[in-house]
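The values are calculated or read from the model by the stated rules, or taken from the named source; none is laboratory data. The structure presented is a predicted model; accordingly, all values stated were derived computationally and were not measured. Ideal geometry is used to build each Cβ from the backbone, glycine not excepted, and the neighbour counts take in all protein chains shown. In case anyone asks, the SASA skips ligands and DNA or RNA and just uses the protein heavy atoms, side chains included. Shrake-Rupley method; radii C 1.70, N 1.55, O 1.52, S 1.80 Å.
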Amino acid sequence: MAVMAQIRRGGVVALLAVALLAVAVPVVAQVTAPAPRVPPVTGPAPAPVAPGAGQAGNPPPLEVSVTGGVSAPLPLAIPAMPTNAVAQTPAGPTDVLGRKMAEVITADLKNSGLFSPLGPDRLRAVGVAEVTAPNFDYWGGAGTQALVQGFLRANDDGTLTVGCYLYDVAARSELTRQGFVVAPEDWRRAAHKCADTIYTRLTGEGGYFDSRVVYVSETGPKERRIKRLAIMDQDGANHRFLTNGQSIVLSPRFAPNQQSIVYVSYVGDRPSIYIYDIGSGRQRLVVSNANLTFGPRFSPDGRYILFSMAVGGNTDIYRVAAAGGQPERLTNSPGIDTGGSYAPDGRRIVFESDRSGGQQLYVMNADGSDQHRISFGGGRYATPVWSPRGDLIAFTRTSGNFRIGILSPSGAGEKLLTDDWQDEQPSWSPNGRVLMFFRSGQGRSGTADLWSVDLTGVNLRRLQTPLSGSDPAWGPLRP
């Protein structure tokens with residue numbers, strides 16, 4: 001079914017277009033957004049407006065609900081965030097940061113496909129006094145339905161206080177507010193958290209902007225590809241390499257606590273499973289033997305690592321304690337069983353198997369019992385991954401070309417979201433609304449790039465990375 005957003009205002013329903021789209025110690029403290037410290041101003045300032053007050057009919061607050069269909073994104077305005085006094089910080093002056101934060105919020109909401117935001121480059125500047133007392137007449141006359149305003153304040157201890165406010169322009173009311181205290185270098189995280197606050201208030205769904213992605217960065221021709229682990233924010237910012245490329249790396253996946261990554265490395269040309277600690281940069285060997293091991297993934301509670309291992313010509317799914325130890329085999333059928341992924345409650349596992357003659361999707365209990373097939377379409381099914389909401393399973397389907405698709409855990413409601421030469425290895429956003437994957441080009445160069453697509457298959461976009469990229473893994477929301 002197609003997905004749509006609706007603006008609900010009283011008994012009137014206006015359809016909106018929806019193209020619905022992937023650590024260390026916490027560095028963002030969430031606080032109640034305070035009223036900004038207002039410097040002396042001259043001339044009349046707009047008076048604060050009480051929630052619910054407004055134009056004739058007192059229209060109820062704005063809502064964007066996801067139900068089905070397609071029309072137009074919700075227009076909203078996001079002017080630059082003013083500062084009560086310009087202060088220098090290690091990340092730049094507060095007035096410049098206020099503009100940059102508005103630009104990040106604008107990009108986040110635009111990329112979701114639900115919103116059509118006007119950013120600070122197309123809007124007049126607002127003063128600190130306007131942040132909590134918007135000029136609703138002005139914004140209503142400009143055709144804006146929702147208004148995002150905020151402020152930035154330097155604190156005596158070197159941190160920044162960021163206020164984030166959302167207003168319904170027609171109802172002349174505040175819908176939500178949130179405040180954050182951050183180190184100057186983490187201003188982008190505060191912007192992402194503000195965007196998550198806006199997204200959640202208007203859609204009722206969880207946000208996904210304050211999250212990170214780990215992937216395999218690639219360079220060189222296909223036969224001599226250099227592959228390194230890389231990590232970045234979900235929008236491509238704060239990019240850095242984690243390994244030096246001396247050994248091939250594959251299939252990185254975040255631990256639930258986001259402090260480490262499990263992956264396969266070909267050290268000495270033998271694939272072994274390692275855990276990489278993001279904070280220290282240390283790597284720890286988990287599984288190493290003469291057999292081929294691949295496809296590791298943490299259990300939702302972080303206690304186990306699920307992986308595949310080939311022994312005596314038969315490939316099965318195993319699990320091992322994250323601390324290391326003796327692997328436990330979960331499947332034992334002739335053929336190849338790979339690609340295990342836990343349900344978010346940890347009680348079931350989806351995997352791929354060719355036991356029926358072709359590569360298909362199967363589900364089993366976490367202890368390996370009750371193995372049963374769920375996919376029955378044409379072609380082959382691979383790389384299954386369970387949605388963090390538990391309602392869907394994403395996969396790669398091969399039938400001529402490679403396409404990204406979704407179906408329910410029962411196998412019903414299959415839907416293909418992409419249609420290109422080679423799209424594969426989907427990974428879910430934290431809210432289960434968007435999938436990230438990689439797309440490979442044809443020919444000798446065969447470069448790969450990261451892309452994302454929402455559950456409608458409409459909002460498809462490429463993510464910018466310094467080099468080619470494959471095998472993305474989208475982490476959960478950061479604390």
(Q) Looking at the range 410-436 only, could you name the residues that are more than 21 Å from Pro252 (Cα to Cα) and either outside any loop (DSSP other than H, G, I, E, B) or open to solvent by 30 Å² or more (accessible area, probe 1.4 Å) (or both)? (A) Ser410, Ala412, Gly413, Glu414, Lys415, Leu416, Asp419, Asp420, Trp421
Q) On the given criteria, is Gln442 part of a loop (DSSP other than H, G, I, E, B), surrounded by fewer than 22 Cβ atoms within 10 Å (Cβ to Cβ) and under 18 Å from the mean Cα position of the chain (by Cα)? A) no
Q. Among the residues of the range 445-466 satisfying the criterion of being open to solvent by 60 Å² or more (accessible area, probe 1.4 Å) and in a loop (DSSP other than H, G, I, E, B), which is nearest to Glu218 (Cα to Cα)?
A. Thr447
Q) Within the range 108-128, how many residues turn out to be open to solvent by less than 30 Å² (accessible area, probe 1.4 Å) and of a type in the set (A, V, I, L, M, F, W, C)? A) 5
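Per-residue answers, yes or no, for (1) closer than 25 Å to Gly446 by Cβ; (2) part of a loop (DSSP other than H, G, I, E, B):
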position: Lys227; (1), (2): yes, no
position: Ala230; (1), (2): yes, no
position: Gly236; (1), (2): yes, yes
position: Asn244; (1), (2): yes, yes
position: Ser251; (1), (2): yes, no
position: Gln258; (1), (2): no, yes
position: Val262; (1), (2): no, no
position: Ser265; (1), (2): yes, no
position: Tyr274; (1), (2): no, no
Q) Which number in (1) over 16 Å from Pro479 (Cα atoms); (2) more than 13 Å from the chain's Cα centre (by Cα) marks the one condition that Gln258 misses? A) (1)
(Q) Anything in the range 290-303 that is surrounded by 13 or more Cβ atoms within 10 Å (Cβ to Cβ) and either aromatic (Phe, Trp, Tyr) or outside any strand (DSSP E or B) (or both)? List them, or say none. (A) Asn291, Phe294, Phe298, Ser299, Pro300, Gly302, Arg303
Q.
Any residue that is in a strand (DSSP E or B), within 20 Å of Ile105 (Cβ to Cβ) and under 30 Å from the mean Cα position of the chain (by Cα) - is there at least one of those in the range 133-144?
A. no
Q: Would you be able to tell me the number of residues in the range 336-370 that are open to solvent by 20 Å² or more (accessible area, probe 1.4 Å), in contact with a strand residue (DSSP E or B) (Cβ under 8 Å, 6 or more places away or on another chain) and at positive phi?
A: 2
(Q) Kindly evaluate Pro44 against the criterion of being at pLDDT 95 or above and either open to solvent by 50 Å² or more (accessible area, probe 1.4 Å) or among the aromatic types (Phe, Trp, Tyr) (or both). (A) no
Q) Here are some residues: Ile317, Ile231, Ile226, Ile248. Which one is open to solvent by less than 20 Å² (accessible area, probe 1.4 Å) and closer than 15 Å to Asp471 by Cβ? A) Ile231
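Listed here are the residues, each with its yes/no results for (1) more than 25 Å from Arg389 (Cβ to Cβ); (2) touching a Leu at 6+ places or on another chain (Cβ under 9 Å); (3) in a strand (DSSP E or B).
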{"site": "Ala310", "(1), (2), (3)": "yes, yes, yes"}
{"site": "Arg319", "(1), (2), (3)": "no, yes, yes"}
{"site": "Ala323", "(1), (2), (3)": "yes, no, no"}
{"site": "Tyr362", "(1), (2), (3)": "no, no, yes"}
Q.
Please verify whether Arg478 is in a loop (DSSP other than H, G, I, E, B), open to solvent by 30 Å² or more (accessible area, probe 1.4 Å), among the basic types (Lys, Arg) and farther than 21 Å from Lys227 by Cα, treating the condition exactly as stated.
A. yes
Q | Those residues of the range 440-470 which are among the β-branched types (Val, Ile, Thr) and over 21 Å from Thr398 (Cβ atoms), in sequence order | A | Thr456, Val458, Thr465
Q | the range 371-409, residues that are at negative phi, open to solvent by less than 30 Å² (accessible area, probe 1.4 Å), outside any strand (DSSP E or B) and among the small types (Gly, Ala, Ser) | A | Ser375, Gly377, Ser387, Ser408
Q) List, please: which pairs have Cβ atoms under 8 Å, are six or more places apart or on different chains, and start with a residue in the range 86-100 that is over 15 Å from Leu123 (Cβ atoms) and end with one that is surrounded by 14 or more Cβ atoms within 10 Å (Cβ to Cβ) and among the aromatic types (Phe, Trp, Tyr)? A) Ala91/Trp187; Leu97/Trp187
Q | Selection within the range 191-233 - touching a Gly at 6+ places or on another chain (Cβ under 6 Å) and either among the charged types (D, E, K, R) or within 13 Å of Val249 (Cα to Cα) (or both) | A | Asp196, Arg212, Tyr215, Ser217, Lys222, Ile226, Arg228
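This table checks each residue for (1) surrounded by fewer than 22 Cβ atoms within 10 Å (Cβ to Cβ); (2) hydroxyl-bearing (Ser, Thr, Tyr).
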| residue | (1), (2) |
| --- | --- |
| Gly158 | yes, no |
| Val169 | no, no |
| Arg172 | yes, no |
| Phe180 | no, no |
| Pro184 | yes, no |
| His192 | no, no |
| Thr197 | no, yes |
| Gly206 | yes, no |
| Glu218 | no, no |
